[in-house]
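What follows is a short report on a single structure.
The values are calculated or read from the model by the stated rules, or taken from the named source; none is laboratory data. The structure presented is a predicted model; accordingly, all values stated were derived computationally and were not measured. With ideal geometry, Cβ positions are generated from the backbone for all residues, glycine too; neighbour counts draw on all protein chains shown. All accessible areas refer to the heavy atoms of the entire protein, side chains included, with ligands and DNA or RNA removed. Shrake-Rupley method; radii C 1.70, N 1.55, O 1.52, S 1.80 Å.
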Amino acid sequence: MSGGVDSSVAAGLLKEAGFEVVGVFMKFWKETPGRGCANNLCDYENKCCSVEAQADARQVAAELKIPLYTINAEKEFKKRVVDYFIQEYAAGRTPNPCVECNHHIKFGLLLDKTKVFGADFLATGHYCRITRKFQNSQAQIAYRLLMAKDKNKDQSYFLYTLTQNKLKKIIFPIGDYSKSEVRKMAKKFGLPVFQKRDSQEICFINTDLYGFLKPRIKTDKGPIITASGKKIGEHKGLVYYTIGQRQGLNIGGTGPYYVIKKDFKKNTLIVTNPAVGEQKKGLMQKEMFVKNTSWTRFDSRRRAEARRGLKCKVKVRSTAKAAEATIKGNRIIFTKFQRAITSGQSAVFYRGEELLGGGIIV
């Protein structure tokens, strides 16, 4: 229970359904004041780990008449999410901290803690669905991870590391509802957070990305050049940019320009403007490779498909539209060119509404 409307309604629905519910608030990493913090405040001020969020969770728990416990996950969150985030940017890649948090913290550390509470399931306020079906004559149950009913709020992309062993212990109570329905239920339950705004930013950054990374990664300014070799500006440091980025280049003049390459040897940022005939190579690709692949359900049938070429749809970032592709091992071949495939981001595989798995783009 984060103190937000989604996890609060998830708890309310379970209580209404007759479950014995125990609320858990997770205390995440808090930066030492003075290191890159705005106005000497920690990066979590007024965010998911704030005193305000914990107070909201307590109010909700009191209204639902359920106990609320706090788990200190600061050390693990700092190591698994924050340090990873910084290391990936320092290496020139664009990380996905929400995927890491779900994998290691919410459905790693917290799932393990269910044993301490003697709980049968872990429920969260994620917009996603889990279904069960018998998959063979031995009546073995297969768990399928599906997109949420509300496609605008669907969070399945960030959950591709959930395996069968984890899915059988998880409940997503709000996956069949729209956001507007969730808010109405929060009001019906009498929860004080029914109008609380959604959190949209990376929870441990209180400033902007530049302000967060600057004191943590040593970098130098350098030239911005076009794909044809013309210098048109100066970058603040290569680690602050990502492939496909258009905003924040501060080039001026003609445009739009998009980042297509970061040359660390020459400390050069390379951009292109396809509108005036600049090359599209680097911005548009039909193939890519992934690593650390995870499958939600990888039975013998799917293994055979993967060997000969598994046809599905692939999302190269959370906001991208799923595109038709064929997966052969760690190689992914798209039917059509894809824009701004970015190293470090997650590629997630779908067939219809079912999430099959995913991996990290190399």
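Is it true that some residue in the stretch 166-174 is of a type in the set (A, V, I, L, M, F, W, C), over 15 Å from Leu356 (Cα atoms), open to solvent by 20 Å² or more (accessible area, probe 1.4 Å) and assigned to a strand (DSSP E or B)?
Checking the stretch 166-174: at least one residue is of a type in the set (A, V, I, L, M, F, W, C), over 15 Å from Leu356 (Cα atoms), open to solvent by 20 Å² or more (accessible area, probe 1.4 Å) and assigned to a strand (DSSP E or B).
Hey, could you check the stretch 70-92 for residues that are open to solvent by 70 Å² or more (accessible area, probe 1.4 Å) and of a type in the set (D, E, K, R) and say which is nearest to Thr163 (Cα to Cα)?
Restricting to residues being open to solvent by 70 Å² or more (accessible area, probe 1.4 Å) and of a type in the set (D, E, K, R), the top hit is Arg80.
Say we look at the stretch 340-362 and pick out the residues that are out of contact with any strand residue (DSSP E or B) (no Cβ under 6 Å at 6 or more places or on another chain) and farther than 11 Å from Cys312 by Cβ; which of these is modelled with the lowest pLDDT?
Ala340
Could you list, in sequence order, the residues of the stretch 99-110 that are aliphatic (A, V, I, L, M) and surrounded by 19 or more Cβ atoms within 10 Å (Cβ to Cβ)? Let's see the steps before the verdict.
Narrowing the stretch 99-110 to residues aliphatic (A, V, I, L, M): 99, 105, 109-110.
Matches in the stretch 99-110: Val99, Ile105.
Based on what the data block shows, is Lys151 within 26 Å of Gly359 (Cα to Cα) and free of Cβ contacts under 8 Å to residues at least 60 places away in the same chain?
Working: within 26 Å of Gly359 (Cα to Cα): yes; free of Cβ contacts under 8 Å to residues at least 60 places away in the same chain: yes.
It is true that Lys151 is within 26 Å of Gly359 (Cα to Cα) and free of Cβ contacts under 8 Å to residues at least 60 places away in the same chain.
Report the residue count in the stretch 81-113 for those that are touching a strand residue (DSSP E or B) at 6+ places or on another chain (Cβ under 6 Å) and closer than 17 Å to Leu159 by Cβ.
Final tally of qualifying residues: 3.
Looking at Ile202, Ile243, which one is touching a Cys at 6+ places or on another chain (Cβ under 9 Å) and part of a loop (DSSP other than H, G, I, E, B)? Working first, answer last.
Numbers: Ile243 fails: touching a Cys at 6+ places or on another chain (Cβ under 9 Å).
The match here is Ile202.
For (1) modelled with pLDDT of 95 or more; (2) open to solvent by 40 Å² or more (accessible area, probe 1.4 Å); (3) more than 22 Å from the chain's Cα centre (by Cα); (4) at positive phi, each residue gets a yes or a no:
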position: Phe189; (1), (2), (3), (4): yes, no, yes, no
position: Gln200; (1), (2), (3), (4): no, yes, no, no
position: Gly211; (1), (2), (3), (4): no, no, no, no
position: Gly237; (1), (2), (3), (4): yes, no, yes, yes
position: Gln247; (1), (2), (3), (4): no, yes, no, no
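For the stretch 217-225, state whether one or more residues are open to solvent by 40 Å² or more (accessible area, probe 1.4 Å), touching a residue at least 60 places away in the same chain (Cβ under 8 Å) and over 21 Å from Asp83 (Cβ atoms).
no
I'm trying to understand the selection: among the residues of the stretch 111-161, which are open to solvent by 50 Å² or more (accessible area, probe 1.4 Å) and hydrophobic (A, V, I, L, M, F, W, C)?
Selection gives Val116, Phe117, Phe121, Phe134, Ala139, Ile141.
What do you reckon, is Gly252 without any contact (Cβ under 8 Å) to a residue 24 or more places away in the chain, part of a loop (DSSP other than H, G, I, E, B) and more than 17 Å from Gly344 (Cβ to Cβ)? Can you show your working first?
Numbers: without any contact (Cβ under 8 Å) to a residue 24 or more places away in the chain: yes; part of a loop (DSSP other than H, G, I, E, B): yes; more than 17 Å from Gly344 (Cβ to Cβ): yes.
Yes: the conditions hold for Gly252.
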